[in-house]
1. Which ones in segment 33-61 are modelled with pLDDT under 80 and aliphatic (A, V, I, L, M)?
2. Which ones in segment 61-76 are exposed (fewer than 11 other Cβ atoms within 10 Å of the Cβ) and more than 18 Å from the chain's Cα centre (by Cα)?
3. Looking at K90, is it touching a Leu at 6+ places or on another chain (Cβ under 8 Å) and open to solvent by 70 Å² or more (accessible area, probe 1.4 Å)?
4. How many residues are hydroxyl-bearing (S, T, Y), touching a strand residue (DSSP E or B) at 6+ places or on another chain (Cβ under 8 Å) and more than 17 Å from G41 (Cβ to Cβ) if we restrict to segment 53-92?
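The values are calculated or read from the model by the stated rules, or taken from the named source; none is laboratory data. Owing to the predicted nature of the structure, the values given are computational and were not obtained by experimental measurement. Glycine gets a Cβ as well: all are built from the backbone with ideal geometry, and neighbour counts include every protein chain shown. Calculation scope for accessible area: heavy atoms of the full protein, side chains included, ligands and nucleic acids excluded. Shrake-Rupley method; radii C 1.70, N 1.55, O 1.52, S 1.80 Å.
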Amino acid sequence: MYCGNPSSLYFKLNERSQDFWMRNEAYYDEFLNKLFIIGIGNMDEENPFKQIFEQLFSCSTVPSHILILETQKYGLNSIRDCLLDNKTVKKQVKKFLSL
C-alpha cells in the first residue's frame, strides 16, 4: 500500500487476470485455495490493505489466506530490520502456511 492505495503491481495483476478468470471461473476456488498473501506493515483502521485482498475471497467458499505482520508489535522497522529473523514471526508464518 502506498498512501492508502494498492501498488501499481496489484492493479496490473488484477487487470491482467480478469480476462483469464472470465474464461476459467471453474478454477477460481482452486487458485484461491493455493493463494497465500503475507503483508508487512503497520495496520490501523484506515488502512484498507487487508480489506482489498479479502475481496478476492468474498465470492468463494475458500477461507481467506491473508496474514499481516505488523512490525511495530515487534519493535522493528519493515525496511531496515529483518522481520523474519524474529522467532515469534517465524513461528507465526509457519503456522499460517501450515508448515
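1. Result: I40, M43, I52, L56.
2. If the condition is that a residue be exposed (fewer than 11 other Cβ atoms within 10 Å of the Cβ) and more than 18 Å from the chain's Cα centre (by Cα), then G75 is the only one that fits.
3. Taking the combined requirement at face value, the residue satisfies it.
4. Qualifying residue count, segment 53-92: 0.
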